[in-house]
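Enquirer: Handing you this structure, nothing more for now.
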Amino acid sequence: MEFTVEQVAALLNGKVEGNGSATVNRLDKIQEGMPGGISFLSNEKYENFIYHTKASAVIVSKNFQPKKDIKTTLIRVEDAYTGFTQILEAYSQFTKSNKSGIETPSFFDQSSHIGEGHYLGAFSYVGKNCIIGNHCKIFPHVYIGDNVKIGDNCIIHPGVKIISDTIIGSYCEIHPNTVVGSDGFGFAPQTDGTYKAIPQVGNVIIEDFVSIGSNTTIDCATMGSTLIKKGVKIDNLVQIAHNVTIGENTVIASQAGVSGSTEIGKNCVIAGKAGIIGHLKIADYTTIGANTGISKSVEKPNQTLFGYMGMDLKGFLKAYAIFKNLPILQDRLRELEKKQ
Amino acid sequence: MEFTVEQVAALLNGKVEGNGSATVNRLDKIQEGMPGGISFLSNEKYENFIYHTKASAVIVSKNFQPKKDIKTTLIRVEDAYTGFTQILEAYSQFTKSNKSGIETPSFFDQSSHIGEGHYLGAFSYVGKNCIIGNHCKIFPHVYIGDNVKIGDNCIIHPGVKIISDTIIGSYCEIHPNTVVGSDGFGFAPQTDGTYKAIPQVGNVIIEDFVSIGSNTTIDCATMGSTLIKKGVKIDNLVQIAHNVTIGENTVIASQAGVSGSTEIGKNCVIAGKAGIIGHLKIADYTTIGANTGISKSVEKPNQTLFGYMGMDLKGFLKAYAIFKNLPILQDRLRELEKKQ
Amino acid sequence: MEFTVEQVAALLNGKVEGNGSATVNRLDKIQEGMPGGISFLSNEKYENFIYHTKASAVIVSKNFQPKKDIKTTLIRVEDAYTGFTQILEAYSQFTKSNKSGIETPSFFDQSSHIGEGHYLGAFSYVGKNCIIGNHCKIFPHVYIGDNVKIGDNCIIHPGVKIISDTIIGSYCEIHPNTVVGSDGFGFAPQTDGTYKAIPQVGNVIIEDFVSIGSNTTIDCATMGSTLIKKGVKIDNLVQIAHNVTIGENTVIASQAGVSGSTEIGKNCVIAGKAGIIGHLKIADYTTIGANTGISKSVEKPNQTLFGYMGMDLKGFLKAYAIFKNLPILQDRLRELEKKQ
C-alpha cells in the first residue's frame, strides 16, 4: 500500500514541511532511510542522521529545531515517538490483521458459535460446543477442540492447537504452533518399574490481554485449572506445566520453564531459559535472571535472583568474581601453607 | 455430562451415605469443592475440608470415621484414592478419547491401511504404504509420511508430524505438534568453511506404551534407528537427537535434551532442562537433576547427578554451599595473609 | 525400491566382485549388515566385520586387500566413504524428495506464483502475492502468509509456518513445525504495571543454503529484518529473537537461544542450550560451549567460551576443578586458622 506524506500527516494530526505529495510504503530506521520510506527522530543521539537521510519523510516533534539544512520532508507532531507508534499500529493492522471471512475448506462443528467480524482460515478446525466471541481471527491450521470458550478480539495464529475445555478471555494473541491445554506430565510409578498415566482432566484458563509466543506449551491441570492471569506476556518455546498459576502482568521470556503447581505472583519478570521447579510460590515483583534456576519459594517481593540456584543477584556476582579466580586463591592458600 | 451420585457409586462399587440423587458433572479438589462437583478425601491433612466442602459428594475410604458433622454426601469405597482414580479414567475416556469415524476432508493414500475402531480427524494426512493398527485415533492436522507403521490403540494428537519410515508400537500417545523422524543435525565441514548436509536415511523406532509430550522433537538416525524403548515417558519441548537410544521406563522432563548417539539406560529419571552431550552411555537407574549438564558417561547405576557439569548430588551441594560464601572465605584468607 | 548390486556399482563407477544380481533395498552399518542391505568399509577399525557381515554387498576402496575370506559381494570404488555418501544422497533423494505435483485440497491464492517442478502437499496454504521459485517442495500443513518470496530448490517440511513478508533464498530446507517470521517479543511497560505490544512490522530474511531444524522459532524484526545469512545451519527448538543477525556458515545446535538485536559473526559454532543475551556482537569464528551463557560481546575472533557466564574454556575448567573440591580447600583454610 502506498500513501502520500500528506495522508500520513493527516492520520497523525501533523504539519508537513516539504513535499507532501511524495509517496511512502515502508517504515525505516532513520539511519537506514531510503526513498519511499518514512522514519522518525525522537532520541537526540540520532539527530545527525536527519541531515543525510534519504527517507521520503521524517516524523519530528513540533519543537524540533534543525541545526543544519534539511533535505527530507518533515512531519511535525506533538511527540515524534508517539506519532511513529501510531503509524506502526496502523501499518500493523493493515498488513497483519486485515483478514476476514471464511476460507474453504475449513471445519466448524454446527454446535459451535463464532461472533461477527471473524476470520476463519482454510484448514482451521473448530470442534463441538465452542463459543467464540466477536472479531476473532482464527488462522489456517488452527485446531480448537470441544467446549472451548474464546472472548472477543482474539488472534489465533496458524497452527495453534487449543485442546478441549480451554477458556480464553478477550484481546488475547497466540502465535504459531503453540499448544494450549495438552496433558500434564503426570505418571504414577508402579512396583514393576513402569509408569501409569494419571488422567489429566482439568483445563487451562487464560484471562484477557494475554500474549503467547510461538511453539510454547501450556499444559492443562490434573484437576482444576492451569491459570494465566490478565496481561501476562509469554515468549516462544516456554513450558508452563500443569496446575501452574502465572500472576497478572508477569512477563516470561523465551525457553523459560515453570514446573507443576508453582504459583508465580504478579508483575514478575522471568528472563530467558530460567527454570522454576514445582510446588513453589514466587512473590510479586520478583525478577529472575537469564538461565537462573529456582528451587525454593521466594517470599519477599521485589527481589532479583540470579545464578544456577537462584541467589540474590549481588551476592551471586561477588561469589562468581571469586570463582573465576579460584586458581589464584588456591595459589595464595598454598603459599601460606608453605610458610607454616 | 451429568451423573447422579448413585450412578458414580455404582461404577465404584461404593455405598452412598446421603443424597444419592444429586447430580454431578465435574471433579473438584476437596478444598475447592462446589455444588455439582465430586471430590475425594485420602490424605488426612485435608480432613478438615470435608466438614465445610460444598461438593455434592466426597469419596472416602470405607473405614473413614468423621469427627464432626458431615453435610455433603459420602461415597464409601475400598480405597478413596483408587476410587477417585477410577473416576478420573472414566471421565477422561468420555471427554478426551471418545472420537471415532472419519472427518472430511482428510487425506489417506489408498496404498495405506488403518484398522477398525479408528478416528481420522479433518485435515489429517496419511502417505503411502502405511500400516496403522486397530483403535487408533489420528487427530486433525496430523501428518504421517510414507511407510510408517503404527500399532494398536495409539493416540496421535493434533498437529503431530510423523516423518516417513517411522515405526511406532501399541498404546503410544503423542501430544500436539511434536515431530518424530525429521532429519538429524549432521553436516560435514568443507574446506571453504561451508557445511554439507549428511543425508539422514535412518528412522525412529518407538516401542509400546511410550508417551511423548507437545512440541518435542525426535530426529531420525543417520543410518539405523533412533530408539525409544518400551514404557518411556517424554515431556514437552524435549530434544532427542539422531541415533539416541532411551532405555525402558526412562522418564525425561520438559526442555531436556539428549545429543546424538547417546545411549540412556532403563528406569532413569532426567529432570527438566538437563542436557546430555553426544556419544555417552548413561547407566540404568541414573537420576539427573534439573538443568544438569552431563559431559561424561555414567558407568555406575543408581547415582544422582546434579550441577553444571553433573557431579554427585551431595558433593555438588557441599561445594555450592561454599561457593555462595566465597567472599567470606576470601576475607579469611586475606586475614591470614595479613598476619604473615 | 530394490536395485541390483550391479546397478548400484554403475551409479558409483565401481567394479563388482561377487554376485552382481543380488538385490538390495536398504543401507546398513557394516556391523549390523543383513541380507538386502548394502554397507561400506572405510575405517580400518571396522575391517573385522567385513569377514562376517551378512550384508548383500559392501563398498570398499579400490586398494582394499582382504586378510581373510570374503563371503559378501564387494563393490570397489575410488574411495569407499565418498562412494557411500553418493548412495546416501541418491537414496535420500529417492525416498525423501521424490514428491511432485499438487495434492488436494490445498489453498493457493491466485495472486501468487510457484515455478516448475513443484510439490504442493495436501492442506498446504499459500497466501497472497507470494513468489516461489522452481523445484520447491511445500509439504502438507505448511502455511505461507502474504508477500513471501522463496527461491529455487527449497524444501519446506510439514507444518512449517512462514509468516507474511518473509524472504527465503535458494537451496534452503526448513524442518517440520518450525515458525519463521512471527512477532518479536516487544512490549512497552505502562505506568499502571501493564504492558502494551510494540507492533512488529519488520520481516525475516533467510539467505541461500540455510537449513533450519524442527520446532524452531525465528521472530521477525520490530523494524527492518532479522537476518540469517548464507550457509547457516540451525538445529531443533532454537530461538532466534527479533532483529538478530546470524553470520555466514554459523552453526547453532538444539535448544540454544539468541536474544533480540544480537549480531553473531560468521563461522561460529554455538552448542546446545547455549544462551546469548540481547544487543551483543559475537566475533567471527567464536565457539560457544554447551549450556554456556553469554552476557558480554565477544570482540576477539576464534575464542572458545564456556560456563555459566561464558569464560575462556581453559580458565573455566581450572576454576571448576577447584570448585568441585571447595570443601577440601575450606578445610585447609581452617587448618591454617587453627595454627594462628
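The values are calculated or read from the model by the stated rules, or taken from the named source; none is laboratory data. Because the structure is predicted, anything quoted here is derived from the model rather than measured. Cβ placement follows ideal geometry from the backbone for every residue including glycine, while neighbour counts extend to all protein chains displayed.
Enquirer: Just for region C:289-317: of the residues that are surrounded by fewer than 18 Cβ atoms within 10 Å (Cβ to Cβ) and in a helix (DSSP H, G or I), which one is nearest to the chain's Cα centre (by Cα)?
Expert: Of everything passing the filter in region C:289-317, C:Leu313 is nearest to the chain's Cα centre (by Cα).
Residue-wise test of (1) in the same structural domain as C:Gly272 (by TED's automatic domain parsing); (2) over 30 Å from B:Thr216 (Cβ atoms); (3) in a strand (DSSP E or B); (4) modelled with pLDDT of 95 or more.
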| residue | (1), (2), (3), (4) |
| --- | --- |
| C:His141 | yes, no, no, yes |
| C:Asn153 | yes, no, no, yes |
| C:Pro158 | yes, no, no, yes |
| C:Ser164 | yes, no, no, yes |
| C:Tyr171 | yes, no, no, yes |
| C:Pro176 | yes, no, no, yes |
| C:Gly181 | yes, no, yes, yes |
| C:Thr191 | yes, yes, no, no |
| C:Gln200 | yes, no, no, no |
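Enquirer: Still on this structure: Take the conditions in contact with a Gly (Cβ under 7 Å, 6 or more places away or on another chain), without any contact (Cβ under 8 Å) to a residue 60 or more places away in the chain, farther than 22 Å from A:Ser259 by Cβ and more than 10 Å from every other protein chain (Cβ to nearest Cβ) and apply them to A:Gly151. Does it pass?
Expert: Judged against the criteria, A:Gly151 is a match.
Enquirer: With the requirement that a residue be within 19 Å of the chain's Cα centre (by Cα), of a type in the set (S, T, N, Q) and surrounded by fewer than 23 Cβ atoms within 10 Å (Cβ to Cβ), what does region C:250-285 give you?
Expert: C:Asn267
Enquirer: Please go through region C:217-243 and give me each residue that is touching a residue at least 60 places away in the same chain (Cβ under 8 Å) and under 26 Å from A:Val251 (Cα atoms), ordered by number.
Expert: Residues of region C:217-243 that are touching a residue at least 60 places away in the same chain (Cβ under 8 Å), as a first pass: C:230, C:236.
Selection gives C:Asn236 alone.
Yes/no per residue for (1) in contact with a Gly (Cβ under 9 Å, 6 or more places away or on another chain); (2) at pLDDT below 90:
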{"residue": "A:Glu78", "(1), (2)": "yes, no"}
{"residue": "A:Gln93", "(1), (2)": "no, yes"}
{"residue": "A:Asn98", "(1), (2)": "no, yes"}
{"residue": "A:Ile102", "(1), (2)": "yes, no"}
{"residue": "A:Gly117", "(1), (2)": "no, no"}
{"residue": "A:Gly121", "(1), (2)": "no, no"}
{"residue": "A:Cys136", "(1), (2)": "yes, no"}
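Enquirer: Also: Looking at region B:269-285, which of its residues are within 14 Å of chain A (Cβ to nearest Cβ) and either within 15 Å of B:Ala253 (Cβ to Cβ) or among the basic types (Lys, Arg) (or both)?
Expert: Matches in region B:269-285: B:Val269, B:Ile270, B:Ala271, B:Gly272, B:Lys273, B:Ala274, B:Gly275.
Per-residue answers, yes or no, for (1) out of contact with any Cys (no Cβ under 8 Å at 6 or more places or on another chain); (2) within 14 Å of chain C (Cβ to nearest Cβ); (3) in contact (Cβ under 8 Å) with a residue 60 or more places away in the chain; (4) surrounded by fewer than 18 Cβ atoms within 10 Å (Cβ to Cβ):
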residue: A:Ile102; (1), (2), (3), (4): yes, yes, no, yes
residue: A:Asp109; (1), (2), (3), (4): no, no, no, yes
residue: A:Ile114; (1), (2), (3), (4): no, no, no, no
residue: A:Cys130; (1), (2), (3), (4): yes, no, no, no
residue: A:Gly159; (1), (2), (3), (4): yes, yes, no, no
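Enquirer: For region C:205-226, give me each residue that is closer than 26 Å to B:Gly257 by Cβ and outside any loop (DSSP other than H, G, I, E, B).
Expert: Selection gives C:Ile206, C:Ser211, C:Ile212, C:Thr217, C:Ile218, C:Asp219, C:Thr226.
Enquirer: So how many residues does region A:253-270 have that are among the small types (Gly, Ala, Ser) and either under 19 Å from A:Lys300 (Cβ atoms) or not assigned by TED's automatic domain parsing to the domain that holds A:Lys296 (or both)?
Expert: Step one: of region A:253-270, the residues among the small types (Gly, Ala, Ser) are A:253-254, A:256-257, A:259-261, A:265.
Now restrict to residues that are either under 19 Å from A:Lys300 (Cβ atoms) or not assigned by TED's automatic domain parsing to the domain that holds A:Lys296 (or both): A:265.
So the answer is 1.
Enquirer: Every residue in region B:242-266 that is part of a loop (DSSP other than H, G, I, E, B) and either charged (D, E, K, R) or closer than 18 Å to B:Thr292 by Cα (or both), please. Reasoning before the result, please.
Expert: Our first condition is that a residue be part of a loop (DSSP other than H, G, I, E, B); within region B:242-266, this holds for B:242-244, B:247-250, B:253-256, B:259-262, B:265-266.
Answer for region B:242-266, where residues must be part of a loop (DSSP other than H, G, I, E, B) and either charged (D, E, K, R) or closer than 18 Å to B:Thr292 by Cα (or both): B:Glu248, B:Thr250, B:Ala253, B:Ser254, B:Gln255, B:Ala256, B:Ser259, B:Gly260, B:Thr262, B:Gly265, B:Lys266.
Enquirer: If I go through region A:313-327 residue by residue, how many of them are more than 7 Å from every other protein chain (Cβ to nearest Cβ), hydrophobic (A, V, I, L, M, F, W, C) and either free of Cβ contacts under 8 Å to residues at least 12 places away in the same chain or on the phi > 0 side of the Ramachandran plot (or both)?
Expert: Summing the residues that are more than 7 Å from every other protein chain (Cβ to nearest Cβ), hydrophobic (A, V, I, L, M, F, W, C) and either free of Cβ contacts under 8 Å to residues at least 12 places away in the same chain or on the phi > 0 side of the Ramachandran plot (or both) in region A:313-327 gives 3.
Enquirer: Let me ask something else about it. Going by the structure shown, is A:Val180 touching a residue at least 24 places away in the same chain (Cβ under 8 Å) and either closer than 20 Å to B:Phe123 by Cα or within 14 Å of chain C (Cβ to nearest Cβ) (or both)?
Expert: Yes.
Enquirer: I'd like the full set of residues that are under 22 Å from B:Val160 (Cβ atoms) and touching a helix residue (DSSP H, G or I) at 6+ places or on another chain (Cβ under 9 Å), limited to region A:148-179.
Expert: Passing the criteria: A:Ile163, A:Ser164, A:Asp165.
Enquirer: Here's a follow-up. Go through (1) more than 27 Å from C:Lys128 (Cβ to Cβ); (2) loosely packed, with under 15 Cβ neighbours inside 10 Å and name the single condition A:Ala80 misses.
Expert: (2) is the only condition that A:Ala80 fails.
Enquirer: Only one of these is in contact with a helix residue (DSSP H, G or I) (Cβ under 9 Å, 6 or more places away or on another chain) and within 13 Å of chain B (Cβ to nearest Cβ): A:Gln200, A:Gln239. Name it.
Expert: A:Gln200
Enquirer: Just name the residue that is surrounded by the fewest Cβ atoms within 10 Å (Cβ to Cβ) out of those in region B:214-249 that are in contact with a Ser or Thr (Cβ under 7 Å, 6 or more places away or on another chain) and small (Gly, Ala, Ser).
Expert: This residue is B:Gly231.
Enquirer: Could you tell me how many of the residues in region B:275-288 are outside any strand (DSSP E or B) and at negative phi? I'd like the intermediate steps shown before the answer.
Expert: Here is the first cut: in region B:275-288, the residues outside any strand (DSSP E or B) are B:277-280, B:283-286.
Next, only the ones that are at negative phi stay: B:277-278, B:280, B:283-284, B:286.
Final tally of qualifying residues: 6.
Enquirer: Would region A:294-307 turn up any residue that is modelled with pLDDT under 95 and either away from chain C (no Cβ under 13 Å) or farther than 20 Å from A:Val251 by Cα (or both)?
Expert: Narrowing region A:294-307 to residues modelled with pLDDT under 95: none.
No, there is no match, as no residue in region A:294-307 is modelled with pLDDT under 95 and either away from chain C (no Cβ under 13 Å) or farther than 20 Å from A:Val251 by Cα (or both).
Enquirer: Residues in region C:1-48 that are closer than 14 Å to C:Leu88 by Cβ and of a type in the set (Asp, Glu): how many?
Expert: 1
Enquirer: While we're here: Note down all Cβ pairs under 6 Å where the first residue falls in region C:205-216 and is within 15 Å of B:Phe185 (Cβ to Cβ) and within 11 Å of chain B (Cβ to nearest Cβ), the second is among the polar types (S, T, N, Q) and assigned to a strand (DSSP E or B), and they're at least six residues apart or on different chains.
Expert: Every condition considered, the pairs that remain are C:Ser214/B:Ser182; C:Ser214/B:Thr217; C:Asn215/B:Thr217.
Enquirer: Confirm whether B:Ala55 is within 30 Å of B:Gly133 (Cα to Cα), within 14 Å of chain A (Cβ to nearest Cβ), in contact (Cβ under 8 Å) with a residue 24 or more places away in the chain and not β-branched (Val, Ile, Thr).
Expert: Against the criterion (within 30 Å of B:Gly133 (Cα to Cα), within 14 Å of chain A (Cβ to nearest Cβ), in contact (Cβ under 8 Å) with a residue 24 or more places away in the chain and not β-branched (Val, Ile, Thr)), B:Ala55 does not qualify.
Yes/no matrix, rows are residues, columns are (1) surrounded by fewer than 23 Cβ atoms within 10 Å (Cβ to Cβ); (2) in contact with a Lys or Arg (Cβ under 6 Å, 6 or more places away or on another chain); (3) away from chain C (no Cβ under 14 Å); (4) touching a residue at least 60 places away in the same chain (Cβ under 8 Å):
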site	(1), (2), (3), (4)
A:His118	yes, no, yes, no
A:Tyr125	no, no, no, no
A:Pro140	no, no, no, no
A:Thr166	no, no, yes, no
